Structures are given as structure tokens and as C-alpha cells.
Amino acid sequence: MSGVDCAKAMAHLDDYLRQELTQELMVEVRRHLEHCRPCFKHARFEENFLIMLETRAARETCPEKLRARILALLRAEARDR
Amino acid sequence: MAEPSAAGQTFDQEALPHLDALYRVALRLTGDTSQAEDLVQDTMLKAYRSWQQYRPGTNAKGWLLTILRNTFINDYRRRKHEPIAMDLETIEPYALDRSIQEVDPEGSFFAQIVDARVLEAIDALPDEFREVLVLSDVEGMRYAEIAETLGIPVGTVKSRLFRARRQLQADLYSHAVEMGYIQPRETPT
């Protein structure tokens, strides 16, 4: 049986979702989630939250005007050396 | 960039791909597009001038973000709406957390919230929370990289991140209720 109970699984949940646990703990937490419905739901909640952040808040890109300005400055800098 | 020197070439290859991430982090730190543009430009110039200090093949994104953050702290005005000072370690995140999960156990409401509102909620976080959340959950940096970039212990990164996430969830939950994405459960009085 898994050595991870609900309290321990939930305490490690954030780190589990970001894959910041040791390989051994990753396996144990995953095993617990597979067998515990409330913890599984909680994990889905946190996962959906992280997916939202990753996809919705990382869409902005550097404006082309700024990119061009920086490239021009770097070229000038290289010439002056 | 048509830069003939070897140094210029590695800078192009290793630094330029991170412009989008630098710009996003600058936006979240300054809360202002024109300041964010200046900050990214200053950062790239400083990075170029000290490129010989960068060890090729190491974490260029972290190196650049460290310069960006130091530049921000030293040279830029803090955002106008400085969040109310609070004791970061004493915020109690659990109560709201539970009530959210009773109503929408799997958090499907997150998918309904528009991008602009997500960013607004991130921007409303206290500075110390916002920067770890952006570096970790938006830009995908590892805890250890964030600790190095911010000059704080990994344990502090984790505790700030934990509280930042809970605070953001609570804010987005209230928004989702307001917008009618979810119906709060009637609490018997």
C-alpha cells in the first residue's frame, strides 16, 4: 500500500503538480490520487487553475516595435566596440 | 541580428528568444506598457554589455530575468497602487479555499474567465506574491531558479507561491460568482 495518506498527499499537491517532488514521492502521490476520489477532485481543481495561468497569462508577446528598437540598439552597440 | 562577432551570435541565440517572457514579466512588475518597454530595453542593453559574465549553456532566461528584476528595483518607480501592506505569513488561505471547492470541485469555472480578468487578478496581488507566481506558474521556472533569481530561500518561494495561488483563486472565484459562471451554495444561517 501507498505510504501517502490524504493529509500528506494534499500537503504535497502543489509540488506534485509542478513536478518538484522526488521521483519516489511523485509516484506515491500519484498512486494516492488514483485511489482517493476527494483528493483526485482537489488535484483536478488545482490542475485546472495552473493550466489557466499557463495558457491565459502567457499569451502576451513582445511588441514588434520594441523588438526592432532593441535589435537596432544592439547593432549600434556592437559597432561602437 | 546581423552581428558578425561570436559573442553577438551567442547573444542572439541565447538571449533574444526570451524577449516575450521578459516583456510579460516587465508588464507584471511595472503594471504599465511604456515602463515595461523601457525596462525590457534597459535589461537587454545591460545583458549585452555584461554578456561575458554569462556562462553559455546555463539558464539564460533566469540570468536575464535576474537583470530585469534588479533593474526594476534599482531604477523604476514602484507601481502607483502599492498594495496595502500586510503580514504575508499570516494570511489564512484555507477557509475560502474549501468553500470554493464545494461549489465547483474541479474548478471548471477557471476556463470561463477572460484573459484580461486573469491578468487583472494577478496584478492585484502584493508584489512579493505576484513575482513568484509569474515566474513559476506563468513562465514555468523551477523553484530553485526562482530562489536564485530573487535571492530568497526555496522555502520562501514555496510559501509565497502557496499563498499567492490561494489569494488568486479566491479573487477569481468571487469574480466567477459575480459574473454568474457559478452559483454559490446557500449557507444555512
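The values are calculated or read from the model by the stated rules, or taken from the named source; none is laboratory data. From a predicted model like this one, the values you see are computed outputs, not experimental measurements. As a convention, Cβ positions derive from the backbone with ideal geometry for all residues, glycine included, and neighbour counts pool all protein chains shown. SASA here: full protein model, heavy atoms, side chains in, ligands and nucleic acids out. Shrake-Rupley method; radii C 1.70, N 1.55, O 1.52, S 1.80 Å.
What residue, among those in the stretch A:43-72 that are β-branched (Val, Ile, Thr) and over 21 Å from B:Ile100 (Cα atoms), is surrounded by the most Cβ atoms within 10 Å (Cβ to Cβ)? Steps first, please.
First pass over the stretch A:43-72, keeping only residues β-branched (Val, Ile, Thr): A:51, A:55, A:61, A:70.
Keeping just the survivors that are over 21 Å from B:Ile100 (Cα atoms) gives A:55, A:61, A:70.
Numbers: A:Thr55: 13, A:Thr61: 12, A:Ile70: 22.
Per the criteria, the residue is A:Ile70.
Checking each residue in the stretch B:43-62 for being more than 9 Å from chain A (Cβ to nearest Cβ), open to solvent by less than 60 Å² (accessible area, probe 1.4 Å), assigned to a helix (DSSP H, G or I) and within 20 Å of A:Ala72 (Cα to Cα) picks out B:Thr43, B:Ala47, B:Trp51.
Within the stretch B:161-182, residues that are away from chain A (no Cβ under 13 Å) sit with their Cβ atoms under 8 Å from residues that are open to solvent by 20 Å² or more (accessible area, probe 1.4 Å), at 6+ positions apart or across chains, in these pairs: B:Val177/B:Gln183; B:Val177/B:Pro184; B:Met179/B:Gln112. Considered as a group, the residues in the stretch B:63-79 that are closer than 12 Å to B:His18 by Cβ and free of Cβ contacts under 8 Å to residues at least 40 places away in the same chain include one that is surrounded by the most Cβ atoms within 10 Å (Cβ to Cβ), and that residue is B:Trp63. For the stretch B:67-102, a residue qualifies if it is touching a helix residue (DSSP H, G or I) at 6+ places or on another chain (Cβ under 8 Å), more than 20 Å from B:Ala164 (Cβ to Cβ) and either at pLDDT 85 or above or part of a helix (DSSP H, G or I) (or both), and the qualifying residues are B:Ile67, B:Thr71, B:Asp75. Going through (1) at pLDDT below 95; (2) more than 9 Å from chain B (Cβ to nearest Cβ); (3) within 25 Å of B:Arg166 (Cβ to Cβ) one by one, A:Gly3 falls short only on (3). Against the list (1) open to solvent by 40 Å² or more (accessible area, probe 1.4 Å); (2) among the aromatic types (Phe, Trp, Tyr); (3) away from chain B (no Cβ under 11 Å), the condition A:Phe40 fails is (3). Sub-8 Å Cβ pairs linking a first residue in the stretch A:69-81 that is closer than 12 Å to B:Arg49 by Cα to a second residue that is of a type in the set (D, E, K, R) and assigned to a helix (DSSP H, G or I), at least 6 apart or interchain, are A:Glu77/B:Arg49, ordered by first then second residue. Residues in the stretch B:141-156 that are facing chain A (nearest Cβ under 10 Å) and assigned to a helix (DSSP H, G or I): B:Tyr143, B:Ala144, B:Val154.
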